[in-house]
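Chemist: Encoded as structure tokens, here's the structure I'll be asking about.
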Amino acid sequence: MDNIIIIAISALGGLGLIMAIILYFIANKFKVFEDPKIDEVEEALPSANCGGCGFPGCRAYAEAAVKSAKENGNLDGLNCPVGGNDVSQAVGKILGLEVEAKDPMIAVVRCNGSRTNSPGKVNYEGATSCSFAHALYAGEGGCMHGCLGLGDCVDSCDFDAIHMNPETGLPEVNTKCTACGACVTACPRDIIELRKRGPKDKRIFVSCINQEKGAPAKKNCAVACIGCSKCLKVCKFDAITITSFLAYIDFEKCTLCRKCVEECPTSAIHEINFKPRKPRPEKPKAKAPEADKSVARKTTTQKEVVTQDLKDEKDNKE
Amino acid sequence: MGILRTFALGGIHPPENKLSANAPIETLPVPKQAIVPLGQNLGAPSKPIVKKGDEVKVGQLIAEAGGFISTNIHSPVSGKIFKIDNAIDGTGYKRPCIIINVADDVWDDTIDTSAEIVSEIKQSPEEIIDIIKNAGIVGLGGATFPTYVKLMPPPGKTAEYLIINGVECEPYLTSDHRLMLEKGREIIIGTRILMKALNVKKAFIGIENNKPDAINHMTELVKSHDDIEIQSLKVQYPQGGEKQLIKASVNREVPSGKLPIEVGCVVQNVGTAFAVYEAVQKNKPLVERVVTVTGKSVKKPSNFMVRIGTPISELIDAADGLPENTGKIIGGGPMMGKAITSLEVPVVKGSSGILIMEEGESFRSTEGPCIRCSKCTYVCPMGLEPYLLSKAAKLSNFEMAENESIMDCIECGSCQYGCPAAIPLLDYLRLGKLKVGQIMRNRK
């Protein structure tokens, strides 16, 4: 009886031992080397897995960062928008690199076509999806560039940072925004832009992307940019450009002097988080002159803006 | 008589409501101003060849084809070009249009405007295709696919049958019905022209049996022709769909993602056949079409022969005005049509009807949860699963939507029609098709 137990134990034990030895050699043979730094970098990342950096998740970003540090000796083009400066410094420290400090960004909704500014001419009934409504028609207010108000941006946000205001029917971004860019991609009309957060969250931007001529733009929305060039003339810092009847403020050049805000005849330029200014006597409103027709039609896409900014930054450093 | 032909899979039978079936086609006076959109066909928009201030005659070429799948546009009126500017059209957006101020009604000299019927076909097949191409003819059923492209089968493929679509399965619409009754002779000659161009020996004209007068009239007309057969089809929506009609007529199935030429068939609308007759025999380009103006509370549901570019407000006025309880104005039929956002939208080549819906009728109930009753799957004529596809599109799972063949959807709306939870299935299907189409194009 005892014999059987001993045989069984030794047979199974021996088998286990042999297998373990085989596995040991196989594991050694097929070992994949993984830089321990990848784990360290991943640890330092926010683990939001939002994809804002352009990689599928934080692990992929960590791998790319380690690879870039090893091959290029820098972290160019790698940016974790959620973690911001702190995280990029931490990652730089782990990889033994110096990382330039970047200005924090925020998503900005460039449309003010609320229910009062752009009253509805038709009623929309159908799927609650901006992409679908965009393919279907111009919008309740009639502006074919304006916000459709169906909340694709809200659905895309992983950080609870953008919400619809039921009164205006427009999305509003709060301070939780990490500038991951998900809403920028989700918006079928490219209304949302990532802009510099600014000192104490102070920002100035043109809250309109309507590229129509003044008259048709104004017909659909009281606060549309009509391309009158008044802001262009008043800006001393060359921060404003006008392309196809639409003003755009370059946030890298803008010094937040607020002159353009006062000048805008349709209140299309917004200032945020500024102290209320002293009251001034109201100027009589002049008729908006027709904008220069020779300006070539060119839409500045998000990517172009970003690359331009990076270039400018480099130039400044040099 | 036996069992009537129809397609095999799915289908619904909504109330027909053919209110204007007995209203003869009235020719509407020329509008004061014509708005001619440059994008009137499927494919690339046309390029204008006139400029502001030019004098044009009816039938004069004003815009050229802007690509292979694109068509010429001819002036539907005579007068002066007012401007070439953006104006709102049926898409709901402002798009480039040629706006013409009408002076009088002078036709181009080369066009035969007499009522005489020319039945002898002198042109060779190549000449016919050339004339159709130059006349700017598109599929008048509503899809506006350039007709001449359909008449040139790709190398290695030959057409065996020509199927003329007189089904008009959309409720309310009667423009094709009236055209068959009043212009039947011309349609038969148009069919013969198309047969010659395609070199086919047999043509079918499919008509649903809710139009017995049209079936009798057309049967009478083709008595002397052995090669044209009138087929009486069972009333079933969406029989007017190309693939459904081929299945019903010749019992062939078009493979997924392929064109009807794959099974040797070419389908053309009766309106297109009529336009082909006018272009080939009368040298008259596509400048007018029949449009039904209808609706339950419309005082005078009518069929109008109107010039392209006429604002729809003029058509509604001619039908004794807009009823007070109007909820929606739909361009096209109630199943596949699209709500119009402005009364200034012009009639284009693809407008088959204007449907004025009452408030109660056009009301959409609130979307409820899907109870998996599978009604949508049962009625889908393409054998798809609309509940699944719409959910996939809603949740942006476009990979799944593509794998489940969302691109086979013909957007007939049968699924949404019967949905007890009032889910806007078709809206999400269209969204899915849009996105999957983009993804597929980017992949190429």
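Taken together, the values in this text are just the output of simple stated rules run on the coordinates, not laboratory data. Note that this is a predicted model, so its numbers are computed, not measured. Heads up, the Cβs are rebuilt from the backbone with ideal geometry, glycines too, and the neighbour counts pull from every protein chain shown.
Chemist: Would you order B:Tyr161, B:Tyr417, B:Tyr237 from fewest to most other beta-carbon atoms within 10 Å of each residue's own beta-carbon? Walk me through the intermediate numbers first.
Modeler: Numbers: B:Tyr161 22, B:Tyr417 17, B:Tyr237 27.
Arranged by neighbour count, lowest to highest, B:Tyr161, B:Tyr417, B:Tyr237 become B:Tyr417, B:Tyr161, B:Tyr237.
Chemist: Still on this structure: Could you tell me, in Å, what Rg and Dmax come out for the Cα atoms of chain A?
Modeler: My reading of the Cα-based Rg and Dmax gives 27.7, 112 Å.
Chemist: Exposure proxy check: B:Arg443, A:Arg195 ranked by fewest other beta carbons within 10 Å?
Modeler: Numbers: B:Arg443 6, A:Arg195 22.
Least to most surrounded, the residues fall as B:Arg443, A:Arg195.
Chemist: Binning every alpha carbon pair distance of chain B at 20 Å from zero, what are the percents per bin?
Modeler: 25, 60, 15, 0
Chemist: Give, in nm to one decimal, the length gained when the segment between B:Leu9 and B:Lys296 is fully stretched (0.36 nm per residue of separation minus the Cα-Cα distance).
Modeler: Details: separation 287, 0.36 × 287 = 103.32 nm, distance 3.07 nm.
Residue separation times 0.36 nm, minus the Cα-Cα distance, leaves 100.3 nm.
Chemist: For chain B, modelled as a Gaussian network with Cα springs under 10 Å, which listed residue fluctuates most, B:Ile308, B:Ile406, B:Ile207?
Modeler: B:Ile406
Chemist: So which cysteines of chain B have no other cysteine's Cβ under 4.7 Å from theirs?
Modeler: Lacking a cysteine Cβ partner under 4.7 Å: B:Cys97, B:Cys169, B:Cys265, B:Cys370, B:Cys373, B:Cys380, B:Cys409, B:Cys412, B:Cys419.
Chemist: Could you name the lysines whose alpha carbon sits less than 27 Å from that of B:Lys444, not counting residues in the same chain fewer than 8 places away?
Modeler: Partners found: A:Lys298, A:Lys303, B:Lys47, B:Lys150, B:Lys157, B:Lys243, B:Lys258, B:Lys391, B:Lys394, B:Lys433, B:Lys435.
Chemist: For a label point 7 angstrom out from the Cα of A:Thr243 toward its Cβ, which stretches of the range A:189-206 have the backbone nitrogen within less than 17 Å?
Modeler: Once the point is set 7 Å along Cα→Cβ of A:Thr243, A:189-195, A:206 turn out to lie under 17 Å by backbone N, inside the range A:189-206.
Chemist: In nm, to one decimal, how far is the modelled label at B:Ser224 from the one at B:Lys52, with both set 7 Å along Cα→Cβ?
Modeler: Spacing of the two 7 Å Cα→Cβ label points: 5.5 nm.
Chemist: Are there any helices in chain A, counted as whole DSSP H runs, that stretch 24 Å or more along their axis by Cα and score at least 1.6 on average by Kyte-Doolittle, and if so which? Mind dumping the intermediate values first?
Modeler: Working: long enough: A:2-29 (41 Å, 1.78).
Long hydrophobic helices here: A:2-29.
Chemist: If one computes P(r) from the Cα atoms of the range A:27-145, what percent of pairs lie at distances over 20 Å? Walk me through the numbers before you get to the answer.
Modeler: Numbers: 4070 of 7021 pairs.
Result for the distance tail: 58 percent.
Chemist: Return A:Ser88, B:Ser114, A:Ser156 ranked ascending by Cβ neighbour count within 10 Å, so the fewest neighbours appear first. Working shown, then result.
Modeler: Details: A:Ser88 22, B:Ser114 8, A:Ser156 19.
Going from sparsest to densest Cβ surroundings: B:Ser114, A:Ser156, A:Ser88.
Chemist: Between B:Lys202 and B:Ile371, what's the calculated FRET efficiency when r is the beta-carbon distance and R0 is 60 Å? Round to 0.05.
Modeler: Details: r = 47 Å, r/R0 = 0.78.
Computed FRET efficiency for B:Lys202 and B:Ile371: 0.80.
Chemist: According to a simple spin-label model (label point 7 Å from Cα along Cα-to-Cβ), what is the distance in nm between B:Met400 and A:Leu17?
Modeler: That separation, rounded to one decimal, is 5.3 nm.
Chemist: Now for a separate question. Would you kindly calculate the mean projected area, averaged across all directions, of the convex hull enclosing the Cα atoms of the range B:375-443, in square nanometres? It would help to have the intermediate numbers written out before the result.
Modeler: Working: hull surface 15.9 nm².
Directional mean of the projected Cα hull area for the range B:375-443 stands at 4.0 nm².
Chemist: At 222 nm, what value in deg cm²/dmol follows for the protein assembly as shown if DSSP H runs of at least 4 each add -39500 (n - 2.57) and the sum is divided by all its residues, to the nearest 500?
Modeler: Values: 25 runs with 236 residues, N = 762.
Helix-only estimate at 222 nm: -9000 deg cm²/dmol.
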